[in-house]
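Engineer: Quick one: this structure, given as structure tokens, is what I'll be asking you about.
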Amino acid sequence: MKKISIIGAGNTGATTAHWLAEREIADVVLLDVVEGMPQGKGLDLLEAMPIIGRDTKVKGTNDFADTKDSDIVIITAGIARKPGMSRDDLLKTNAEIVGNAATESLKYSPNAIFIVLTNPLDTMAYLVMKKTGLPRERVIGQAGILDSARMRAFVAMETGVSVENIQCYVLGGHGDEMVPLTRHSNIAGIPLRDYLPADKLEAIVNRTRKGGGEIVNLLKTGSAFYAPAMACAQMADAILKDKKLIVPCAAYMKGEYGLNDMYFGVPVMLGAGGLEKIIEYKFDEAEKAMFEKSAASVKETHEALKSLVAL
Ligand code: APR
């Protein structure tokens, strides 16, 4: 059985472990700084396996040595913004947590592929790549699958069509400036623009952009975790099964889409080598403008990180 370690056993970490274990995708190690909590969640999840007949092993720990020889490391560790905390304070704190998680994990799993989930997502993926010195193929940020899934869910709610028939593509940074591509999105091959009236489509695009905030407002204490965790599980599955799955993820740009030295949400091919290819769409002028606006916003956070942390 392959092995996946999840750093941060909070809502997204534990739920990712749940999806992975249930699907027998890999044995799972859940690591957290809080003592007892990952061990308790790990044991509880392990005890659920006989009921569904899965032989997945799950272990909770506080010790990075237990992550040894992982095929994939998923980083979800971090803290949420607290009242009175500035964006830069949060960035600095999460950069320390994520940077340490990445370097400690790499010591024990020199061949692992890293999936980064902690926000601000694009910038945390950039940090992991810089801190570990790994090639971009082995550091991939989650986000596009989640944003696209939210849009697909909203289209299904509006049309009553099966989610299986609905393909949506949301690219760009994981923030309000994300880029939902309505021209490329479709229902059973019919462009969304032809299927839905313009006002309905615009409402779906706006709801998608604010999808994360909608959940935060409802939960009041914490952010979304079921769908982000499922997105991580899909990425890990595609890598371990060498599926060559094309999905939007945050990837390090080396000239693609005219962008350099930054992480950004683009369609990538996931397989045994991690990020095996970046797919380039042809954009019209309006799409290009949205893409550039989103890139500028991500770049700004990258610059803030560079001013706070030595890379
Ligand atoms: N090492 C390991 N785990 C840590 C560390 C650390 N240095 N610092 C904090 N953690 C753990 C916390 O103890 C907590 O259990 O990270 C976990 C984070 O879990 P939650 O607070 O439940 O947050 P969650 O909803 O899982 O989100 C985590 O992912 O989706 C993003 O925006 C989200 O950045 C956030 C991250």
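Engineer: Can you compute the label reach from T103? Point 7 Å from Cα along the Cβ direction, backbone N cut-off under 15 Å, restricted to region 272-311.
Structural biologist: 309-311
Engineer: A further question follows. Anything over 20 Å Cα to Cα? Flag those among K131/K299; K131/K243; K3/K59; K220/K306; K210/K293, in the order listed.
Structural biologist: Cα-Cα > 20 Å for K131/K243; K220/K306; rest within.
Engineer: May I ask for the net charge around D194, where only other residues with Cβ less than 13 Å from the Cβ of D194 are counted and Lys, Arg are +1 while Asp, Glu are -1?
Structural biologist: So the environment of D194 carries a net charge of +3.
Engineer: Is any residue of region 189-203 close enough, with backbone N under 16 Å, to a label point placed 7 angstrom from the Cα of V163 along the Cα-Cβ axis, and if so, which?
Structural biologist: none
Engineer: Would you mind pulling out the separation of the Cα centroids of region 294-311 and region 172-243, in Å?
Structural biologist: Rounded to whole Å, the Cα centres lie 24 Å apart.
Engineer: Indicate the gyration tensor shape class of region 144-308 (rounded, prolate or oblate), computed on the Cα atoms with a ≥ b ≥ c the square roots of the eigenvalues: a/c under 1.5 is rounded; otherwise a/b larger than b/c is prolate and the rest oblate.
Structural biologist: The shape class here is rounded.
Engineer: What distance in nm separates the two pseudo spin-label positions at V34 and E256, each 7 Å out from Cα along the beta-carbon direction?
Structural biologist: Distance between label points: 3.6 nm.
Engineer: Given a 1.4 Å probe and heavy atoms of the protein chains only, how would you sort M85, M262, largest accessible area at the top?
Structural biologist: So the residues, ranked largest to smallest area, are M85, M262.
Engineer: Within the chain, what is the longest stretch that has no GluC sites (Glu not before Pro) placed in a DSSP loop and near at most 13 other beta-carbon atoms within 10 Å?
Structural biologist: Here the longest run is 36-279.
Engineer: Round to a whole angstrom and tell me the spacing of the C-alpha centers of region 61-83 and region 101-152.
Structural biologist: 12
Engineer: With a 1.4 Å probe and all protein chains in place, put H184, H302 in order of accessible area, largest first.
Structural biologist: Reading off the accessible areas and sorting them downward yields H184, H302.
Engineer: Only helices at least 27 Å long along their own axis, judged from Cα atoms, and with Kyte-Doolittle mean hydropathy of -1.0 or greater: name those in the chain from DSSP H.
Structural biologist: Flagged H segments are 87-108, 285-308.
Engineer: For M49 and A272, what is the calculated FRET efficiency with R₀ set at 35 Å and r taken between the beta-carbons, to the nearest 0.05?
Structural biologist: My answer for the efficiency is 0.85.
Engineer: Continuing with the same structure: Which aspartates and glutamates have a Cα less than 20 Å from the Cα of K41, not counting those fewer than 8 places away in the same chain?
Structural biologist: E22, E24, D27, D32, D55, D63, D66
Engineer: So which chymotrypsin sites (Phe, Trp or Tyr not before Pro) in region 218-311 pass both tests, a DSSP loop state and at most 14 other Cβ atoms within 10 Å of the Cβ?
Structural biologist: Y281
Engineer: Using Cα pairs under 8 angstrom and six or more residues apart, how large is the relative contact order of region 2-141, in percent?
Structural biologist: Relative contact order of region 2-141: 23 percent.
The values are calculated or read from the model by the stated rules, or taken from the named source; none is laboratory data. Fair warning: this is a prediction, and the values are worked out from it, not measured in the lab. Please note: Cβ atoms are built from the backbone with ideal geometry, for glycine as well, and neighbour counts cover all protein chains shown. Accessible surface areas use protein heavy atoms only, side chains included; no ligands, DNA or RNA. Shrake-Rupley method; radii C 1.70, N 1.55, O 1.52, S 1.80 Å.
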